[in-house]
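The values are calculated or read from the model by the stated rules, or taken from the named source; none is laboratory data. Note that the coordinates shown come from a computational prediction; the quantities given were computed from them, not determined experimentally. Using ideal geometry, Cβ is built from the backbone for each residue, glycine included, and neighbour counts are taken over all protein chains shown.
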């Protein structure tokens, strides 16, 4: 019988944050969203690092930039054997952590009303982790 997967959040770190609210167009905003992962077999740690940028829609000037590291401890498993649902759950949590830290960091600024949009973690996980999920 297989041992159950034991997963926990080990660390959430606001790695980098910058904001530029000097001037921006009233036309709107666009965003860039990037996800990188790394598995440390020695420590049984899986890191999901999310970079999110808010850009002025006209000149693509960066208005806000955040990088958040989410480290999960996973016991009884190897990197290439993490079940899809666990990957999706970790990615979903990482997006939520990034959204919360962005909201905290932009609070009281002219960008405080801009949040990371609702993202389908299953769809994103299929791209990030190259999952092949059955429908």
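On the given criteria, is residue 102 in a helix (DSSP H, G or I) and either under 30 Å from residue 27 (Cα atoms) or over 19 Å from the mean Cα position of the chain (by Cα) (or both)?
Yes: the conditions hold for residue 102.
I need the full set of residues from the range 1-19 which are surrounded by 14 or more Cβ atoms within 10 Å (Cβ to Cβ) and either in contact (Cβ under 8 Å) with a residue 60 or more places away in the chain or over 18 Å from residue 105 (Cα atoms) (or both), in order please.
5, 7, 10, 12, 14, 17, 19
Quick one: residue 66 ticks every box in (1) surrounded by 12 or more Cβ atoms within 10 Å (Cβ to Cβ); (2) modelled with pLDDT under 90 except a single one, so which number is it?
(2)
Hey, could you check the range 119-135 for residues that are in a helix (DSSP H, G or I) and in contact with a helix residue (DSSP H, G or I) (Cβ under 8 Å, 6 or more places away or on another chain) and say which is nearest to residue 36 (Cα to Cα)?
Checking each candidate, the answer is 128.
Only one residue in 116, 88, 74, 95 is assigned to a strand (DSSP E or B), touching a residue at least 12 places away in the same chain (Cβ under 8 Å) and buried (at least 18 other Cβ atoms within 10 Å of the Cβ). Which one?
So the residue among 116, 88, 74, 95 that is assigned to a strand (DSSP E or B), touching a residue at least 12 places away in the same chain (Cβ under 8 Å) and buried (at least 18 other Cβ atoms within 10 Å of the Cβ) is 74.
In the set 22, 41, which member is free of Cβ contacts under 8 Å to residues at least 40 places away in the same chain, over 17 Å from the mean Cα position of the chain (by Cα) and closer than 19 Å to residue 83 by Cβ?
Unique residue meeting the criteria: 41.
Could you pull out the residue among 47, 73, 27, 16 that is more than 28 Å from residue 131 (Cα to Cα) and touching a strand residue (DSSP E or B) at 6+ places or on another chain (Cβ under 6 Å)?
After ruling out the rest, the residue left standing is 16.
So, residue 34, is that one without any contact (Cβ under 8 Å) to a residue 24 or more places away in the chain, under 17 Å from the mean Cα position of the chain (by Cα), within 27 Å of residue 130 (Cα to Cα) and assigned to a strand (DSSP E or B) or not?
Here the answer is yes, as residue 34 does meet what is asked.
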